[in-house]
Amino acid sequence: MTTPPLTIDCQVHCYERNRPERPWQGHLEGPDEVTGDAMVAAMDAVGVDGAILISPFSLYRYDASYILEVYARHPGKFGLVRPFDPQSETVGTEVAEWAATPGVVGARVMLAAQDYPADHPGLNSIFAAGAQAGVPVNVMATGKLPLLGELARRNPDTRIIIDHVGLAQPHVPPAPPEPFADLDNVLALAELDNVAIKISGACTLSHQPFPYPDIWEPLRRVFDAYGLDRCLWGTDWTRAVRLLTYEQGVAAFRVASQLSDSERATLMGGTLAKIYNWSPAAG
């Protein structure tokens, strides 16, 4: 009997209600609370086996304490990623310590959060530390893709993963008038062997209802440029909650006639397991 391929979401968020013990530092579009238990229930309901759980920068900045608590309750469901502060003088050591933490599979840089030069010491320390520890660095690079290209060339031994197809994605309807306007810059980075890309939140770029048929032509260009062995499917749950349900974000790729079964298996879990060197297991 053949074991069905695992379905693994490359980006989800969990957080608790705003409270004095762990106050929010900003706003994240979505419910007032999405606990780890709630995220696992949503995944189980639609047959998602596991996910990369990313500490939400907009709520907790560089504090990853909540996702560590979630991992302690659900160690078989989540691999952990947290953002790092390029301005910290000890950021390289911080990445190394994080990478040695049980459950950790990667680091994150919010490149779109402010302007940085390509030779910024803290930024390059994060990438160097990721390479040294053998963990990928996820990069939120909307509007900063040429800069990311420079950083990737400076750090050829670092596995870099572009968040969210490298494109600006809405938090509330409607999708931008030209959601794939920056696609040429996305495709240009495919020439760099150390760069992979998340096909996360892609359904939020559609101008059409489920199953979002208008996203497939530009996505196929991404698949062809990078190869599916560098493309990772995901939902960016909970940011997408105002635009679609979790079930729709999963099902749109499961029912897509634009993907063969082997392509689907690679995109929806196979590539992720190889790039993060992680897959879900009974915890």
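Which one of 239, 221 is basic (Lys, Arg) and within 30 Å of residue 35 (Cα to Cα)? Among 239, 221, only 239 is basic (Lys, Arg) and within 30 Å of residue 35 (Cα to Cα). Per the listing 219, 187, the residue uniquely modelled with pLDDT of 95 or more, surrounded by 14 or more Cβ atoms within 10 Å (Cβ to Cβ), within 19 Å of the chain's Cα centre (by Cα) and under 18 Å from residue 159 (Cα atoms) is 187. Highlighted here are the helices (runs of 4 or more DSSP H) found entirely within the range 187-283 that include at least 3 residues which are farther than 30 Å from residue 74 by Cα and touching a residue at least 24 places away in the same chain (Cβ under 8 Å): 216-226.
From the list 152, 118, exactly one residue is touching an Asp or Glu at 6+ places or on another chain (Cβ under 7 Å) and closer than 24 Å to residue 187 by Cβ. Which is it? Going through 152, 118 in turn, just one is touching an Asp or Glu at 6+ places or on another chain (Cβ under 7 Å) and closer than 24 Å to residue 187 by Cβ: 118.
Scanning the range 30-60 for residues being surrounded by fewer than 18 Cβ atoms within 10 Å (Cβ to Cβ), within 22 Å of residue 251 (Cα to Cα) and out of contact with any helix residue (DSSP H, G or I) (no Cβ under 6 Å at 6 or more places or on another chain) gives a total of 7.
Per the listing 69, 29, 16, the residue uniquely acidic (Asp, Glu), over 24 Å from residue 169 (Cα atoms) and in contact (Cβ under 8 Å) with a residue 24 or more places away in the chain is 69. Would you mind stating whether residue 89 is surrounded by fewer than 21 Cβ atoms within 10 Å (Cβ to Cβ) and either within 12 Å of the chain's Cα centre (by Cα) or part of a loop (DSSP other than H, G, I, E, B) (or both)? Yes: the conditions hold for residue 89. Of the residues in the range 264-275, at least one is among the basic types (Lys, Arg), out of contact with any Asp or Glu (no Cβ under 8 Å at 6 or more places or on another chain), modelled with pLDDT of 95 or more and under 11 Å from residue 228 (Cβ atoms).
Matching residues to (1) at pLDDT below 95; (2) of a type outside the set (Ser, Thr, Tyr); (3) more than 19 Å from the chain's Cα centre (by Cα):
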site	(1), (2), (3)
195	no, yes, no
200	no, no, no
208	no, yes, yes
245	no, no, no
248	no, yes, no
251	no, yes, no
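The values are calculated or read from the model by the stated rules, or taken from the named source; none is laboratory data. Fair warning: this is a prediction, and the values are worked out from it, not measured in the lab. As a convention, Cβ positions derive from the backbone with ideal geometry for all residues, glycine included, and neighbour counts pool all protein chains shown.
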